[in-house]
Amino acid sequence: MDINMIKRSLVIAAAAALFMSCTANYMDINRNPYGVTDDEMQRDGYAVRAALIGIANGVISPDVNTTQFTECLLGGTMGGYLADANSGWANTISNYNPTDNWTNVFMKSSWIIPTVYANYRLLHQVTDDQVIWAVGDIVKVAAMHRVADTYGPIPYSKIGQNGEINVPYDSQMDVYKTMFNELDSAIDILMPERQNNFSPSADVIYGGIIDNWIKLANSLKLRLAMRISYADPVLSKEMAEEAVRHEVGVMTSNADNAVFSSWGTDGNTINRSVEYNMVTVHDDGSACITQSGDSHAAADIISYMNGYQDPRRSAYFTQSEWPAPADTYVGMRRGIVVPNHNTVGHQYSGVNIGVDSPAYWMTAAEVAFLEAEAVAVFNYDMGTDARSAYERGISLSFEQWGVTGAEQYMADNVLTPGAYNDPAGSNSIAAQSSVTIAWDDDASVEKKQERIIIQKWIANWLLGNEAWADWRRTGYPHLFPCTDAGNKSGGLVDNVQGARRMEYPDDEATSNTVNYNAAVDMLGGNGDVMATRLEFDCKSNNPAYTGYGN
């Protein structure tokens, strides 16, 4: 084993991150590796563990700035979970006028694609165990499908060993098809080894339990199958049914959840990201209780959950500081002219997340909702009926968050999503949906899909990039539109339709010109802009285009 090579590669695998202003030059972020000795490198599982953590760091990064851009300022806002609360930002994704250093992160950050591929290469250097390689393939898909979901065509099949991306792009559908093959191959390798779990010290996700990795691979396969449900219905059905019919199958309990908690010295990076510039003490010396700074909980999710009187609110959000008659939980609207945080903005509900909180990659609740939609909307054979899968998703979510009352909640056929009453007075808006919680076998297919996606969205709290993908694909949930004053796109992005993708990094047009131009051609006539629809975003009656209606 080449110890010097491993040490150099651990620069990428390091799980500690800089705690610095998110407005710093993004591409200059760097970090020294963990200090390790030769003896430590030789310990059982250490080198494999370091490489696997390195690949995993491409899913939700241990670098605080990276996570702020991907999970809070992109996925969190576009998915309706978080709202920008820093009035000093002139150019943001939620205002549809971001600068390149806001939109290039998934492709250009050294903490994502280079982190994934350098550690993927390292994994193949430190072990020849194909079981470990298969696990690495599954984690790579978990990280990289988020990149494709963001831009559309991306460099994938021809990416260099260390993550060099000056290569030809694959179409979005080709990326998904390659990922299906990678997941299938990984499953095939793991199946004969089900009774031969590998070293728990090497695996921070599942402790070396192979069956859990097979379940995650099948669950990712189901997620991606539903992603292409409108773009390629035949392949979608085939992949979805294969995933659930497999001998091991998909996630069915919260013990199967893919959870990451091996943070560096800064702890959970979503926690650190939302706390940037947090108000801690009021002018009178009393403590501020909302516990959020640059990002607060969004009006969208809180208004839906307020209307439903959802018991999970206390697990998700901090209480607002707005006095009665305001609700206990009050979100901030996205896509607005952001008020001053020190005087107004800090009063909105924050995110209830601790420095040691885990990050969820995928959960059994999400899988149940995927099954429910597959049956109710597309008539796939999931081995269950839609009602059972839908109610199982709600029950699993309540259990995941340690909240009681699921039976009463899922039986309610009266409560509907709430309106947003802005205590500051300027951004109130009517409820965008009248869908109740209780399953209704007699509802239209469209209402069934809306009901499922709303509850899936609530259950997937803080998985913003997944929520954004679902919203683009289905049009649900009905999110509050950007305000006229908050839309700073100069007419390029519609208030209701919102951002359908992120633009490619600016330097791709000059440093990778031929391949960039080919990728733009794959996007179709609208080109490399935020309003261009991706391949999976092709639902003919998507309510974001046909008009929201209760």
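The values are calculated or read from the model by the stated rules, or taken from the named source; none is laboratory data. Being a predicted model, the structure only gives us computed values, none of them experimental. Cβ coordinates were reconstructed from backbone atoms using ideal geometry, including for glycine residues, and neighbour counts include every protein chain displayed. For the accessible areas, the whole protein counts, side chains as well, though only heavy atoms, and no ligand, DNA or RNA atoms are used. Shrake-Rupley method; radii C 1.70, N 1.55, O 1.52, S 1.80 Å.
Summed over qualifying helices (DSSP H, 4 residues or more, each -39500 (n - 2.57)) and divided by its residue number, the chain shows a 222 nm mean residue ellipticity of -12000 deg cm²/dmol. Calculated FRET efficiency, K158 and A443, Cβ-Cβ r, R0 41 Å, to nearest 0.05? After rounding to 0.05, the efficiency reads 0.35. Considering segment 433-549, its Cα convex hull presents a mean projected area of 9.0 nm². Straight-distance candidates among the aspartates and glutamates for linking to K237, with alpha-carbon spacing under 13 Å and chain neighbours fewer than 8 residues away dropped: E371, E373, D381. Pull out a ≥ b ≥ c, the square roots of the eigenvalues of the alpha-carbon gyration tensor of segment 291-390, then state rounded if a/c is under 1.5, prolate if not and a/b is larger than b/c, and oblate in the remaining case. Prolate, since a/c reaches 1.5 and a/b exceeds b/c. In this structure the amide hydrogen of F317, modeled in the peptide plane, comes within under 5 Å of the amide hydrogens of N352, none closer than 5 places in sequence on its chain.
All Cα-Cα distances of segment 356-508, cut into 5 Å bins from zero to the largest, leave 2, 8, 15, 18, 19, 15, 11, 8, 4, 1, 0 percent in each bin in turn. Suppose R0 equals 56 Å. What FRET efficiency, 1/(1 + (r/R0)^6) with r the Cβ-Cβ distance, do D211 and A90 give to the nearest 0.05? For D211 and A90, the calculated efficiency is 0.65. Computed over the Cα atoms of segment 448-488, pair by distinct pair, the Kirkwood hydrodynamic radius stands at 11.0 angstrom. Of the GluC sites (Glu not before Pro) found in segment 246-340, the ones in coil according to DSSP and having at most 12 other Cβ atoms within 10 Å of their Cβ are E247. Taking the charge dipole of the chain about its Cα centre, with +1 at Lys and Arg Cβ atoms and -1 at Asp and Glu Cβ atoms, the residue from I60, P233, S303 reaching farthest to the positive side is S303. In terms of Cα atoms, the Rg and Dmax of segment 198-245 work out to 13.7, 41 Å. Note on segment 248-316: Cα convex hull, mean projected area over all directions, 8.0 nm². The Stokes-Einstein estimate for segment 491-546, based on a Kirkwood radius over Cα pairs and taken at 25 °C with 0.890 mPa s viscosity, is a diffusion coefficient of 198 µm²/s.
Just round it to a whole percent: the fraction of Cα-Cα distances in segment 414-489 exceeding 18 Å.
That tail contains 51 percent of the Cα-Cα pairs.
The C-alpha radius of gyration of segment 155-275, expressed as a fraction of 2.2 N^0.38 Å, stands at 1.24.
If you take every DSSP beta bridge whose two residues both sit in the chain, what share of them, in percent to the nearest 5, is antiparallel? Within the chain, antiparallel bridges account for around 90 percent of the total.
Dipole magnitude for segment 187-277: computed about the Cα centre from +1 point charges on Lys and Arg Cβ and -1 point charges on Asp and Glu Cβ, it is near 180 debye.
Expressed as a whole percent, the accessible surface of segment 142-260 that belongs to carbon and sulfur atoms is 48, based on a 1.4 Å probe.
Counting Cα-Cα pairs of segment 384-432 in 10 Å increments starting at 0 gives whole-percent bin shares of 22, 32, 28, 16, 2.
Projecting the Cα positions of S199, F536, S87 onto the charge dipole of the chain (unit charges on Cβ atoms of Lys, Arg, Asp and Glu, taken about the Cα centre) puts S87 furthest along the positive direction. The Rg/Rh ratio for the chain, using Cα coordinates for both the radius of gyration and the Kirkwood hydrodynamic radius, is 0.94.
Per the Debye calculation on segment 208-328 with a single equal scatterer at every Cα and no solvent contribution, log₁₀ I(q)/I(0) for q = 0.19, 0.23 Å⁻¹ amounts to -1.07, -1.19.
Label positions at T252 and S540, each projected 7 Å from the Cα along the C-beta direction, are separated by 3.7 nm. The radius of gyration of the Cα set in segment 121-160, together with its Dmax, comes out at 12.0, 34 angstrom. Entry comment: accessible area of segment 391-550 is 39 Å² per residue, from protein heavy atoms only and a probe of 1.4 Å. Between D506 and D385, the simple label model (points 7 Å from Cα in the Cβ direction) yields a spacing of 5.8 nm.
For segment 43-145, a crude dipole built from +1 on the beta carbon of Lys and Arg and -1 on the beta carbon of Asp and Glu, taken about the Cα centre, is about 100 debye to the nearest 20.
How long are the semi-axes of the ellipsoid equivalent to segment 125-199, from square roots of 5 times the Cα gyration tensor eigenvalues, in whole Å, largest first?
After diagonalising the Cα gyration tensor, the semi-axes are 26, 14, 9 Å.
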